[in-house]
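The values are calculated or read from the model by the stated rules, or taken from the named source; none is laboratory data. Predicted, not measured: the structure shown is a model, and the values here were computed from it. Counting neighbours? That spans all protein chains shown, and the Cβs are built from the backbone with ideal geometry, glycine included. The accessibility values were calculated without ligands, DNA or RNA, using every heavy atom of the protein model including side chains. Shrake-Rupley method; radii C 1.70, N 1.55, O 1.52, S 1.80 Å.
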Amino acid sequence: VSQSRYVSSKTNEIEYYQSSYEYTRMVELDNDDNVVHWTKKHKIRIRLKNNKIYIPDFLIQIQTPTKIKNLLVEVKPKKQVQLKESASKQEKTMFSINMAKWKAAQEFCKKHKMEFQILTEKELFHGN
């Protein structure tokens, strides 16, 4: 997988992104005053039922009025998040794998008092 380098203006850390979606999210995080810290280089590894490991894209700390909230965030194209009836066998397989990852991430976050979010181009590029 190809990666490009990004230097965070918030953390002064070198991070690497694999898509324009991830790059867009990095810029947003650096420009969001509520974000205390963010990284892609976190140590969170979530074991799936098939014994494979899932690593969410971002670990983000956000300042709320009462506390710092920890978020795990996955950035994906909408077509990998919503399955169409006309989806190919490969798309159906990818969707099934993603659903297993996200279910495990939700369980992990619940156990660790965190929040899990999935962002698509709809949220990244249209602010919805």
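What number of residues within the range 75-92 satisfy the criterion of being out of contact with any Ser or Thr (no Cβ under 6 Å at 6 or more places or on another chain), open to solvent by 70 Å² or more (accessible area, probe 1.4 Å) and of a type outside the set (Gly, Ala, Ser)?
9
For residues that are assigned to a loop (DSSP other than H, G, I, E, B) and at pLDDT 95 or above, scanning just the range 49-65, find the one that is surrounded by the most Cβ atoms within 10 Å (Cβ to Cβ).
Of everything passing the filter in the range 49-65, Pro56 is surrounded by the most Cβ atoms within 10 Å (Cβ to Cβ).
Which one of these is surrounded by 14 or more Cβ atoms within 10 Å (Cβ to Cβ), among the aliphatic types (A, V, I, L, M), modelled with pLDDT under 90 and within 25 Å of Glu13 (Cβ to Cβ): Leu124, Leu72, Leu119? I'd like the intermediate steps shown before the answer.
Details: Leu72 fails: modelled with pLDDT under 90; Leu119 fails: modelled with pLDDT under 90.
Among Leu124, Leu72, Leu119, only Leu124 is surrounded by 14 or more Cβ atoms within 10 Å (Cβ to Cβ), among the aliphatic types (A, V, I, L, M), modelled with pLDDT under 90 and within 25 Å of Glu13 (Cβ to Cβ).
Residue check, Val7 against (1) more than 21 Å from Pro77 (Cα to Cα); (2) modelled with pLDDT under 95; (3) aliphatic (A, V, I, L, M); (4) exposed (fewer than 12 other Cβ atoms within 10 Å of the Cβ), all met but one. Which one?
Single failed check for Val7: (2).
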